[in-house]
Structures are given as C-alpha cells and as structure tokens.
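Taken together, the values in this text are just the output of simple stated rules run on the coordinates, not laboratory data. Please read all numbers here as calculations on a predicted model, not as lab measurements. As a convention, Cβ positions derive from the backbone with ideal geometry for all residues, glycine included, and neighbour counts pool all protein chains shown.
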C-alpha cells in the first residue's frame, strides 16, 4: 500500500473537484431558494416570539437584563468602570456585547437547527443547506433592531453618528457569514451526536469570557497571546463593533486582525464543506 | 413543466429505478456514528432496506406498494420523494412530486394549520394568489372548523391526516405519493380521499403511488401492485394478482433466506 503512493497533485485535484462541487451545490440551492429563505426567516421570527404575553419585547428584555447584570458586576461590584476613549464604561460594554447576543443565539440554536426543522429534512424535499441561512437571518433581524436601539442610545448620550459607522455593515456581514457557515457545519454534526450539541452549549460561557467581549484584546501585554486571540472570530467581531462605536478606528488599520479572521473563516468554510459533503445524504437517515 | 407539458405522451416515464439499493449504517452508538464521520476504521453493521430495485412507472399509472412492515416500502417512497438518497443505483423522477409521508407530513407543530398551508405554499414557490387559492381549497377539504387557526401540535392524528392529505392533493402534483397516513381517518374521510385521488388521476393524468394494507383501498384506486419483501421486489403486476400473491397460501412461519431487514 505504501509504495503505491498516489500522485499528490491528482489527489489534490480530486479534492478540489469534490468540495468545489459541494460548494457549488450549496450556492445553487441558495440561488434557487432565496425568496423562500426570506419568507422562512420571517416565519421563524414570528414563531420565536409568539405565544408569550410580552411577545416581541422579549427580544429587548433579555439583552437589557444581561447588559445590566454585567454593568452592575463590573461598575458597582468590581469598580472596574473606567471610561474608554472618552466614552463611559457602560457604552463601551454595550458596543462590544451587542454582537454577542446574535453570536450566542447562533452558537446554541444555530447548532440545533436541523433537529428543530427535522420535518423539512425527513418529510419533504427541501434544500437542506438553506435551513442554516434562514434561521441565521431570523436572528439577524433581531440583531438589526438591537443595533438600531444601540445607535439611538449613543446619540442620546451625546455621541452622534460619524463616518466610522460606515463600516458597521461590513462587520455585520462578516459576522452573519461566519456564523451562518458555522450553523451549516454544526447542525448536521449535532443531528448525529448529542455529545456535540452538549459540548457546544457548555462552551458558550467559556467562549464569552475568553473572547474580547468583556475586555479589550489590545490591552493584553503579551504580544503573541493578543495576536493568537485575534484568530477567535468572536474577538474580531466584538473588537470590530468597538472600532465603530468607541475606538474610532478603521477596519484596515489592523491588518493582522483582518488577516486572522480571514484564516479562521477559510478554515471554517473548508471544515463545513468536508462535513457537509459527508453528511448531506445521511442526515435524513438519522434524524 | 412548460417544456414537458406541451405534448404529454401516454407512454412517458414518471419514475424509473435502476438497480437501486439503500443501505443504512447501524453503529453501536451515536458516539461511534460521530467518530465514523472522521475515521473509516469505525465498524458498523449494514442493513439493506432496499436492494436491487429496478422498475419503471409510467405517467398516469396508479401503483400500490404492498408488503409487511419493514419490507422497505417507506424507504422506497422516501427515495421517490427525494428525501432519502440511494446508496447505489439510479433514480429518475420526472415531474413534481407531492408526498404525504407519515402523519406529520412536514408540518411545523408550532404554527397553525393555516400558517402551515402558507408556509408550504411558499416553500413550493407559489405566488400570493396561488397560496390564497390553495388555502381556500385545503380549508374546505380538510373541514376541521376552528382548529384551522390553532397550533398543529394541538391536532388529533385524524386532523393532521386531513390537513396533510388536503395539502398534498391540492397542490396539483404530477406524482402523488401517499404513505399509510390515510389509515387513521374515519370511513367517511377515507372515502372522500379515495374520491379525490381518483378525481386527480382522471383529470390530470397524475401518477399515484400508494402504500396500503387494505385490499379494498388498493383495488379501488390502483391498477398495478408491487409486492416488496425484505427490501426486494418480489412481485410486480396487475393489482389483483399482486394482492393474491401477497396474501397467498404461504406459510408465514418459514423464514426467507437473507439478512434481517428493517424499515426506516
């Protein structure tokens, strides 16, 4: 076996063809189904907030309580509330935690989409890859609403919208793309293994505290560690939102952070193509 | 539809199976299944739900799939629908398939019956007007009154079957696949469904594939019967002969050779 080594370039070409085909298939499903994706996202949103007395308000109450709790613990409890770049601590906190609400939803619920929408997989012919997209879109709508509220809060506190806000859509798009791909990767795995879903949900808190949501990654005094942490997409996104609201920096000013995110994103896409290619045809058998 | 619909020929092929087999991998546990994604060394048992199925069904034919539980009928229907993929072999399906697989039939339990109709219409890519027409037709046929605006998780199995059948039948299918779902309805509703299926078949030259254990239902709707046994097609012919073959004077205690087959 060992002496009959296949030509490496031929193997590589075969891989490119296989996973390129998987990628093409996913893109094709989205192209044919883009209208339905928006409709299903709306239905998902309605479903999430219906049936409770306060309905839509829950999309606001949960983040407000979270922000208050962290503000209380840090500003009152730990007395760690120094102002940053002329902004009060509370606004610094809000700017970084804003994307986290979407991210945490995608880490937990984005992982179980196929289980919750199993009827689309096992009962009707449906482009399965789009399930991750419309669930992600539904969470993203909530994120857009929250972002609008945060912008209003900044204006009320006397910090008007400036030119740096122009890069907010970019960070939003990168976040949406990364975590939609994440859901495409994680949902088939968690459909097959309960362990996987449990691992993810138990690491959510760890990811929160290890990422630069509650602290500034640029304040870390060990250079290699702060660089390493930038490979974490959550850190990149949270820092990006603070670039917009607090630090007033352009995304291209930290080219290393951009490059690190690019590397992680590419790795995520490749990993997703690998698992999706292996599992697409088996998902209906195990759900 | 536009290209095929211009000159429908009676001898058009609706469904063709070429040496189709479906293998399910049984791992010792979910953990092994998970590891099996990444390593080929993880062992699993193979179970063939369908093996070497070859047949063609012409447009406008109505076929009953007959067989014991675990004979592979549901897997076959799921492969026609496109929900389950064959392990080996080739499947050609020409035309829009509308399937009623089991009771839940692809409903969101949290949405109301009416919302589920809309959702399904949207998934099919129908226009607003078409969805409104669909809703009217389904509400009329299902006839479950105020329950139409309640979440579907509150429905009885009979109500689900009514809505499910009504949607599948109202969506102008070219190929209608009906699993055993209808057996839960009461007699009046079953007769209504039978009438509807016949109406669809006559008017629109629709292909119907029907799973049933009831001789009367099979005979009244279908003209061809396919008997499956342990994943294999053991008889394919006129419905009367197929039913006779299935119910034939064979000793059920004698086990047939071959591996144990389970249905999905």
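Could you sort the peptides A:189-199, B:138-148 by per-residue average Cβ neighbour count (10 Å cutoff), highest mean leading?
On the way: A:189-199: 18.1, B:138-148: 16.5.
Per-residue mean Cβ counts within 10 Å order the peptides as A:189-199, B:138-148.
Distance between the C-alpha centers of segment A:229-245 and segment A:194-213? Whole Å please.
17
Which percent, to the nearest 5, of DSSP beta bridges fully inside the protein assembly as shown are antiparallel? Before the final figure, lay out the partial values.
Working: 23 of 39 bridges.
Close to 60 percent.
What is the average number of partner chain Cβ atoms found within 10 Å of a Cβ in A:116-123? It would help to have the intermediate numbers written out before the result.
Details: counts 2, 2, 2, 9, 5, 2, 9, 14.
Mean shielding by partner chains, rounded to a whole number: 6.
What's the angle, to the nearest 10 degrees (0 to 90), between helix A:129-156's Cα axis and the longest principal axis of chain A?
10
So for A:102, A:119, fewest C-beta neighbours within 10 Å to most, what's the order? Each step should come with its number before you reach the end.
Details: A:102 24, A:119 19.
Arranged by neighbour count, lowest to highest, A:102, A:119 become A:119, A:102.
Which ordering of A:106, A:172 is given by a fewest-first count of other beta-carbon atoms within 10 Å?
Values: A:106 25, A:172 20.
Going from least to most buried by this count: A:172, A:106.
Counting only DSSP beta bridges with both residues in chain B, what percent are antiparallel, rounded to the nearest 5? Don't skip to the answer; put the middle values down first.
Details: 22 of 38 bridges.
Rounded to the nearest five, the antiparallel share is 60 percent.
Could you tell me how far the Cα centroid of segment B:14-91 sits from the Cα centroid of segment A:37-115, in Å?
Segment A:37-115 and segment B:14-91 have Cα centres separated by 44 Å.
I'd like the FRET efficiency for residue B:16 and residue B:216, computed as 1/(1 + (r/R0)^6) with the beta carbon distance as r and R0 of 41 Å, rounded to 0.05.
On the way: r = 30 Å, r/R0 = 0.72.
So the FRET efficiency works out to roughly 0.90.
Among B:27, A:241, which comes first, then next, by fewest other beta-carbon atoms within 10 Å? Can you show the working numbers first?
On the way: B:27 17, A:241 25.
Starting with the residue having the fewest Cβ neighbours, the order is B:27, A:241.
Roughly how crowded by other chains is peptide B:106-112, in terms of the mean Cβ count from those chains within 10 Å of each of its Cβ atoms?
Numbers: counts 10, 3, 8, 1, 8, 4, 0.
Across the residues of B:106-112, the mean count of other-chain Cβ atoms within 10 Å is 5.
Over the Cα atoms, compute the radius of gyration (one decimal) and Dmax (the largest Cα-Cα distance, rounded to a whole number) for segment A:48-90, in Å.
Calculated on Cα positions, Rg and Dmax stand at 14.7, 43 Å.
Over chain A, what is the relative contact order in whole percent, taking alpha-carbon pairs under 8 Å and six or more residues apart?
Working: 274 pairs, mean separation 71.1, N = 287.
After rounding, I find 25 percent.
Please compute the average number of Cβ atoms from other chains found within 10 Å of each residue's Cβ in peptide A:29-40. Mind dumping the intermediate values first?
Working: counts 0, 0, 0, 1, 2, 0, 2, 5, 0, 1, 6, 4.
What the average comes to for A:29-40 is 2.
State, as an integer percentage, the relative contact order of segment B:22-129 based on alpha-carbon contacts under 8 Å between residues 6 or more apart. It would help to have the intermediate numbers written out before the result.
On the way: 61 pairs, mean separation 23.0, N = 108.
Answer for segment B:22-129 is 21 percent.
Below 8 Å between Cα atoms, with a sequence gap of 6+, how large is the relative contact order for chain B in percent?
On the way: 471 pairs, mean separation 70.9, N = 264.
Reported as a whole number, the value is 27 percent.
State whether segment A:12-80 is rounded, prolate or oblate according to the following rule on the C-alpha gyration tensor (a ≥ b ≥ c being the square roots of its eigenvalues): a/c under 1.5 gives rounded; otherwise a/b larger than b/c gives prolate, and the remaining case gives oblate.
Details: a/c = 6.20, a/b = 1.74, b/c = 3.56.
Cα axes put segment A:12-80 in the oblate bin.
So what are the three principal axis dimensions of the protein assembly as shown from its Cα atoms, in whole Å, longest to shortest?
Principal extents (Cα only, largest first): 88, 71, 47 Å.
List, largest first, the extents of the alpha carbons of chain B along their principal axes, each in whole Å.
52, 46, 41
Per residue, how much space in cubic angstrom lies within the convex hull of the C-alpha atoms of chain A?
Working: hull volume 51.3 nm³, N = 287.
So the per-residue hull volume is 179 Å³.
Counting just the Cα atoms, what span does segment B:133-222 cover along each of its three principal axes? Round to the nearest Å and put the largest first.
Over segment B:133-222, Cα extents along the principal axes are 35, 29, 18 Å.
Helix A:255-279: angle to the longest alpha-carbon principal axis of chain A, degrees 0 to 90, nearest 10?
Helix A:255-279 sits roughly 40 degrees off the main axis of chain A.
Treating the angle as unsigned and between 0 and 90°, give the value, to the nearest 10°, between the Cα long axis of helix B:113-123 and the longest Cα principal axis of chain B.
So the inclination is approximately 70 degrees.
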